[in-house]
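Here's the structure we're looking at; comments come further down.
The values are calculated or read from the model by the stated rules, or taken from the named source; none is laboratory data. In this text the structure is predicted, and so the values were computed from the model without any measurement. Glycine also receives a Cβ, built like all others from the backbone with ideal geometry; neighbour counts cover every protein chain displayed. Surface areas here come from the heavy atoms of the whole protein model, side chains and all, with no ligands, DNA or RNA. Shrake-Rupley method; radii C 1.70, N 1.55, O 1.52, S 1.80 Å.
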Amino acid sequence: MTVNMPRLIRNTGLLAVAGMLVLITQKVGLGMPILDAVPGMIIIIGVADIALVIRDLFPKSIFPAFGWVTILGFLFSMPYNPLSVKFMEYTDKVNFMAITTPLLAFAGLSVGNKIDELKKMSWKIILISIIVFITIFFACALIAETVLRLRGDI
């Protein structure tokens with residue numbers, strides 16, 4: 001159980017490049033100043049690095065690094081956490097939609113690298129996709145309906 005430092009350094013560099021893309025996307029698309037969002041982006045990259053370290057420390061875990069990032073972000077942003085005020089102050093300056101652009105590009109590239117594996121699944125991937133899309137749609141609709149009813153909006 002050791003941390004793979006060369007891989008961590010490489011991944012941190014990739015995260016830094018992705019972070020720069022996010023900041024540029026924010027500037028171009030939303031007109032937000034890049035320098036205001038740099039501390040938040042550094043924090044986001046730091047949280048991602050912590051998740052990568054956790055993944056290295058527990059290599060037999062089936063829980064992905066993305067899951068650890070989500071849990072860490074949740075813990076850092078909880079109101080009971082003394083760091084949450086500063087965490088939220090800085091990370092709020094990084095627009096979520098600006099993050100999705102490079103994230104989806106990287107996801108597309110990673111799927112593109114596994115196109116042969118997807119071909120082997122043939123028609124099954126279409127069936128699974130349809131089931132997943134329908135399930136997610138109805139789950140989101142149910143959650144939205146519940147929240148709107150609890151708030152008294154409908």
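Students often get this wrong, so try it: which of (1) 184; (2) 147; (3) 132 is volume of the Cα convex hull per residue in Å³ as calculated from the structure shown?
Identified label for the calculated read-out: (1).
Per-residue counts of other Cβ atoms within 10 Å, averaged by peptide: what ranking do you get for 94-100, 78-84, highest first?
On the way: 94-100: 16.0, 78-84: 10.0.
Most protected by this proxy first, the peptides run 94-100, 78-84.
What longest region of the chain stays clear of trypsin sites (Lys or Arg not before Pro) that DSSP places outside H, G, I, E and B and that have at most 10 other Cβ atoms within 10 Å? Kindly include the intermediate steps, with their values, before the conclusion.
Working: sites that count: 60, 114.
My reading of the result: 1-59 is the longest stretch.
For the chain, set up a Gaussian network in which alpha carbons nearer than 10 Å are linked by springs, and say which option among 34, 62, 50 fluctuates the most.
Result for the chain, Cα springs under 10 Å: 62 fluctuates most.
For the chain, what % of the accessible area comes from carbon and sulfur atoms, probe 1.4 Å? If you can, show how the numbers build up before the last one.
Working: 8680 of 11380 Å².
Carbon and sulfur together cover 76 percent of it.
Please find the FRET efficiency linking residue 128 to residue 60, where r is the Cβ-Cβ separation and R0 is fixed at 22 Å, and quote it to the nearest 0.05.
Details: r = 26 Å, r/R0 = 1.19.
Calculated value: 0.25.
Suppose all protein chains stay in the model; what accessible area per residue would a 1.4 Å probe give for the chain, in Å²?
On the way: 11380 Å² over 154 residues.
Per-residue value: 74 Å².
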